[in-house]
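Before any comments, here is the structure.
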Amino acid sequence: MRENILIVYYSYSGKTRRIAEEIQKQTGGRLSRIYPGQPYPADFEYLLKQVREENRSGKLSALLPVTESVGGYDIVFAGSPKMEYSL
């Protein structure tokens, strides 16, 4: 019996997307991308400033609604970038 697999991910630079696509290739699962409600700045310095402020305040940017319901899946992979920078 083949398991029903969902791979949800958010990718800023494309690294997490490539990992999600590799998981999809190996498992045959369904890909579903997560989008931020407000796009992050393309300029790296502004991006760092925003991420530092989010980390400091604990207030993260809102996400757009996810189109997939996890209820119909046996396994769910979730991926996002890890951005940690010391001040």
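The values are calculated or read from the model by the stated rules, or taken from the named source; none is laboratory data. Being a predicted model, the structure only gives us computed values, none of them experimental. Here the Cβ is made from the backbone with ideal geometry for all residues, glycine too, and neighbour counts use every protein chain on show. Accessible surface areas use protein heavy atoms only, side chains included; no ligands, DNA or RNA. Shrake-Rupley method; radii C 1.70, N 1.55, O 1.52, S 1.80 Å.
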Restricting the first residue to the stretch 42-70 and requiring it to be charged (D, E, K, R), which pairs with a second residue that is at pLDDT below 85 and open to solvent by 80 Å² or more (accessible area, probe 1.4 Å) meet a Cβ separation below 7 Å and a spacing of at least six or different chains? Arg52/Tyr85; Arg52/Leu87; Glu54/Leu60
Give the stretch 37-67 a look and list any residue that's touching a Leu at 6+ places or on another chain (Cβ under 8 Å), at pLDDT 85 or above and either hydroxyl-bearing (Ser, Thr, Tyr) or within 17 Å of Tyr9 (Cβ to Cβ) (or both), or say none. Gly37
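Looking at the stretch 71-81, which of its residues are more than 20 Å from Gly37 (Cβ to Cβ) and either open to solvent by 70 Å² or more (accessible area, probe 1.4 Å) or not in a loop (DSSP other than H, G, I, E, B) (or both)?
First pass over the stretch 71-81, keeping only residues more than 20 Å from Gly37 (Cβ to Cβ): 71-77.
Within the stretch 71-81, Gly71, Gly72, Asp74, Ile75, Val76, Phe77 meet the criteria.
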Taking the criterion of being in contact with an Asp or Glu (Cβ under 6 Å, 6 or more places away or on another chain) and hydroxyl-bearing (Ser, Thr, Tyr), would at least one residue in the stretch 49-72 satisfy it? no
Of everything in the stretch 1-34, what is open to solvent by less than 60 Å² (accessible area, probe 1.4 Å), within 20 Å of Leu63 (Cα to Cα) and out of contact with any Phe, Trp or Tyr (no Cβ under 6 Å at 6 or more places or on another chain)? Give them in sequence order. Val8, Tyr9, Tyr10, Ser11, Gly14, Ser32
For the stretch 11-31, indicate whether the set of residues that are part of a helix (DSSP H, G or I), modelled with pLDDT of 95 or more and acidic (Asp, Glu) is non-empty. yes
Say whether the condition of being touching a Phe, Trp or Tyr at 6+ places or on another chain (Cβ under 8 Å) and polar (S, T, N, Q) is met by at least one residue in the stretch 65-81. yes
